[in-house]
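Input: a single structure, listed below in structure tokens.
The values are calculated or read from the model by the stated rules, or taken from the named source; none is laboratory data. All values reported here derive from a predicted model rather than from experimental measurement. So basically every Cβ, Gly included, is an ideal-geometry build from the backbone, and we count neighbours across all protein chains shown. When the accessible area is computed, the model is the full protein with side chains, heavy atoms only, and any ligands, DNA or RNA have been set aside. Shrake-Rupley method; radii C 1.70, N 1.55, O 1.52, S 1.80 Å.
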Amino acid sequence: MTVQAAPSATVEANFDGLPGLTHNYAGLSWGNVASGSNARAASNPREAARQGVTKMRRLLELGYVQGILPPHERPHVPTLRRLGFTGTDRQILEQGWKQAPSLMLSLLSASPMWTANAATVSPSADTADGRVHFTPANLSAMLHRSIEHEVTGRTLRATFGDERYFAHHPALPCNEHFGDEGAANHTRLCPDFAGSGFGGAGVEVFVYGRSVLDRAAPKPQTYPARQTLEASQAIARLHGLDPARVVFVQQNPAMIDAGVFHNDVISVGSGSVLFTYENAFVDHDRVLEDLNARLGGALQVVQVPAMAVPVPDMVRSYLFNSQLLAHPDGGMRLILPVEAQETDTVRDFLGSAVGPSQPIREAVFLDLRQSMRNGGGPACLRLRVVLTPDQRAAVNPGSLMTPAKLDRLEQWIDRHYRDRLDVDGLQDPALLDECRTALDELTGLLGLGSVYDFQRE
Ligand code: SUG
């Protein structure tokens, strides 16, 4: 088994999104229970960002390769201009708050922090041209998220710039037909994990909420199914994946109606382990059999029965929105939110299912409460990118974290972030300049170049 951080190994790096300066609770995501129930509560952006840094620090200490993707410019003035607001930036913001306050809330969200939704990534071992492929998610289901993909695409190109190793696609056409939420609905399993680690060819599992063309397929009744089968199929095509090693699976619509708005709220897979809830998928048992067959019988399923953890506990605790990471002894390690430890049924389940002789050896709990109140747990906050040693060496060096760089990031946060934002604070016109000044400094720190519109005017 390869040690994660060894320079000679193919590694799974995690690129975390840093919570932005306008992190707030606006109740924007219909179907995301936490977002709805914390709407209009006051937020603490500084604490959110510090919790993000603490998470990255912990993963570094555990020996993982840790990268970062920066926050976006908010409020998003380019969208306001595109929607007909004119004048200076200040005049535009003033008019926006007068004429369209709910639009302003959407354009203030720090949602790019949830980088599991930034893109779908296919490692080079799976793609026809032997490069790592990236497709930013169009996030077309939610207005506040649909404005992310352009800047996300630029930051991905700036981070993974070497065309010998990295291929970048634009987001899919931004409409209901191709609703795409990125890696949150994508899992990669490895048939030969015990032998080749992350470097061997994988089986890529795309989980969708609905099919546009198959009208007879079951659909959720209350909440939106954000990912379509048609979007997942297009990404598999774009990335040049071998159809024999791709699986399309429908999420159980009843679970979407219970608040499971992405697959990473109900299952997580890595290596040869799939950690999942009972009935997460349509035709659940058949899906597991199919996956096991594609893994040549190597699939290890850790399944949580509804009898042990009722659906509301599963959703509230975010048990599955955890990072399943390679443990140096060949097993797996689970990084969970503290809410999982605080939920009795979940704690009991973990007590019985995690241990030295189990596929999941160890559970680590992190306080990410600022992000969790918007429905963003450990898994939402990171984008997984499998990298060979050459690819890793080609990543923009400033984007890969070290303890010293995290110290500098923390100082940057303390200099620029507010420690409280409520609806009045969000209307403060000074916020835009604060955000731009901080981000300009950050792209300098990370060596990313000019990725924001305000840097390119
Ligand atoms: O898209 N929340 C995000 C949470 C994303 C979680 N990501 C994954 N599961 N991978 C969303 O619903 C809430 C914003 C607000 O209400 O202010 C929000 O966008």
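Which one is nearest to Thr228 (Cα to Cα) among residues in the stretch 159-168 that are of a type outside the set (S, T, N, Q) and open to solvent by less than 30 Å² (accessible area, probe 1.4 Å)?
Ala167
Taking Pro45 as the residue in question, decide whether it is away from the ligand (no atom under 16 Å from the Cβ) and open to solvent by less than 20 Å² (accessible area, probe 1.4 Å).
no
Tally time: how many residues in the stretch 296-317 are open to solvent by 20 Å² or more (accessible area, probe 1.4 Å) and more than 19 Å from Ile360 (Cα to Cα)?
Here the count works out to 8.
Here are some residues: Pro389, Pro359, Pro378. Which one is in contact with a strand residue (DSSP E or B) (Cβ under 9 Å, 6 or more places away or on another chain) and within 19 Å of Asn185 (Cβ to Cβ)?
It is Pro378.
Got at least one residue in the stretch 225-248 being in a loop (DSSP other than H, G, I, E, B), under 22 Å from Val386 (Cβ atoms) and open to solvent by 20 Å² or more (accessible area, probe 1.4 Å)?
Yes - at least one qualifying residue is present in the stretch 225-248.
I'd like to know if the stretch 201-210 contains one or more residues that are in contact with a His (Cβ under 9 Å, 6 or more places away or on another chain), surrounded by fewer than 20 Cβ atoms within 10 Å (Cβ to Cβ) and in a loop (DSSP other than H, G, I, E, B).
No: zero hits.
Is there any pair linking a residue in the stretch 160-180 that is among the basic types (Lys, Arg) to one that is open to solvent by 40 Å² or more (accessible area, probe 1.4 Å), with Cβ under 9 Å and at least six apart or on different chains, and which?
These pairs meet every condition: Arg164/Arg131; Arg164/Asp390.
Only one of these is out of contact with any helix residue (DSSP H, G or I) (no Cβ under 6 Å at 6 or more places or on another chain) and more than 18 Å from Gln51 (Cβ to Cβ): Val364, Val354, Val346. Name it.
Val354
Determine which member of the set Gly27, Gly31, Gly63, Gly20 is closer than 16 Å to Arg145 by Cα, out of contact with any strand residue (DSSP E or B) (no Cβ under 8 Å at 6 or more places or on another chain) and more than 10 Å from the ligand (Cβ to nearest atom).
None of the others qualify; the one that does is Gly20.
For Gly36, only one of the following conditions fails: (1) among the small types (Gly, Ala, Ser); (2) in contact (Cβ under 8 Å) with a residue 40 or more places away in the chain; (3) under 24 Å from Arg418 (Cα atoms). What is its number?
Among (1) among the small types (Gly, Ala, Ser); (2) in contact (Cβ under 8 Å) with a residue 40 or more places away in the chain; (3) under 24 Å from Arg418 (Cα atoms), the lone unmet condition for Gly36 is (2).
Quick check on my filter: what residues within the stretch 115-153 are among the β-branched types (Val, Ile, Thr) and outside any helix (DSSP H, G or I)?
Selection gives Thr120, Val121, Thr127, Val132, Thr135, Ile147.
Looking at (1) open to solvent by 20 Å² or more (accessible area, probe 1.4 Å); (2) of a type outside the set (Phe, Trp, Tyr); (3) not in a loop (DSSP other than H, G, I, E, B), which is the one condition that is false for Asp419?
Every listed condition holds for Asp419 apart from (3).
What about Phe15, is it of a type in the set (Phe, Trp, Tyr) and within 16 Å of the ligand (Cβ to nearest atom)?
The answer is yes for Phe15.
Can you pull out the residues in the stretch 82-116 that are open to solvent by less than 20 Å² (accessible area, probe 1.4 Å) and within 16 Å of the ligand (Cβ to nearest atom)?
Selection gives Met104, Leu105, Ser106, Leu107, Leu108, Ser109, Ala110, Ser111, Pro112, Met113, Thr115, Ala116.
Matching residues to (1) within 25 Å of His76 (Cβ to Cβ); (2) within 20 Å of the chain's Cα centre (by Cα):
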{"site": "Ala141", "(1), (2)": "yes, yes"}
{"site": "Thr155", "(1), (2)": "yes, yes"}
{"site": "Ala167", "(1), (2)": "no, yes"}
{"site": "Pro170", "(1), (2)": "yes, yes"}
{"site": "Ala184", "(1), (2)": "yes, yes"}
{"site": "Thr187", "(1), (2)": "no, yes"}
{"site": "Gly200", "(1), (2)": "no, no"}
{"site": "Ala217", "(1), (2)": "no, no"}
{"site": "Leu241", "(1), (2)": "no, no"}
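Which residue is farthest from the ligand (Cβ to nearest atom), if the candidates are limited to the stretch 374-406 and must be aliphatic (A, V, I, L, M) and more than 21 Å from Tyr165 (Cα to Cα)?
Step by step, filter the stretch 374-406, then rank; the result is Ala404.
Please verify whether Leu421 is touching a Lys or Arg at 6+ places or on another chain (Cβ under 8 Å), closer than 26 Å to Pro337 by Cβ and in contact (Cβ under 8 Å) with a residue 24 or more places away in the chain, treating the condition exactly as stated.
It is false that Leu421 is touching a Lys or Arg at 6+ places or on another chain (Cβ under 8 Å), closer than 26 Å to Pro337 by Cβ and in contact (Cβ under 8 Å) with a residue 24 or more places away in the chain.
Picking from Ala184, Ala137, Ala141, Ala171, which residue would you name as being within 16 Å of the ligand (Cβ to nearest atom), touching an Asp or Glu at 6+ places or on another chain (Cβ under 8 Å), small (Gly, Ala, Ser) and open to solvent by 40 Å² or more (accessible area, probe 1.4 Å)?
Sole residue among the options that is within 16 Å of the ligand (Cβ to nearest atom), touching an Asp or Glu at 6+ places or on another chain (Cβ under 8 Å), small (Gly, Ala, Ser) and open to solvent by 40 Å² or more (accessible area, probe 1.4 Å): Ala141.
Since Gly195 meets every condition but one in (1) open to solvent by 50 Å² or more (accessible area, probe 1.4 Å); (2) in a loop (DSSP other than H, G, I, E, B), which condition does it not meet?
If we test Gly195 against (1) open to solvent by 50 Å² or more (accessible area, probe 1.4 Å); (2) in a loop (DSSP other than H, G, I, E, B), just (2) comes out false.
Of all residues in the stretch 259-295, count the ones that are open to solvent by 40 Å² or more (accessible area, probe 1.4 Å) and touching a helix residue (DSSP H, G or I) at 6+ places or on another chain (Cβ under 8 Å).
Adding up the residues that qualify gives 4.
So is Ala216 surrounded by fewer than 21 Cβ atoms within 10 Å (Cβ to Cβ), modelled with pLDDT of 95 or more and either within 16 Å of the ligand (Cβ to nearest atom) or more than 30 Å from Ser8 (Cα to Cα) (or both) or not?
no
Taking interchain pairs and intrachain pairs at least six residues apart, which have beta carbon atoms under 7 angstrom, with the first residue in the stretch 135-148 and closer than 15 Å to Ala119 by Cα and among the polar types (S, T, N, Q) and the second open to solvent by less than 30 Å² (accessible area, probe 1.4 Å) and within 10 Å of the ligand (Cβ to nearest atom)?
These pairs meet every condition: Ser146/Leu139.
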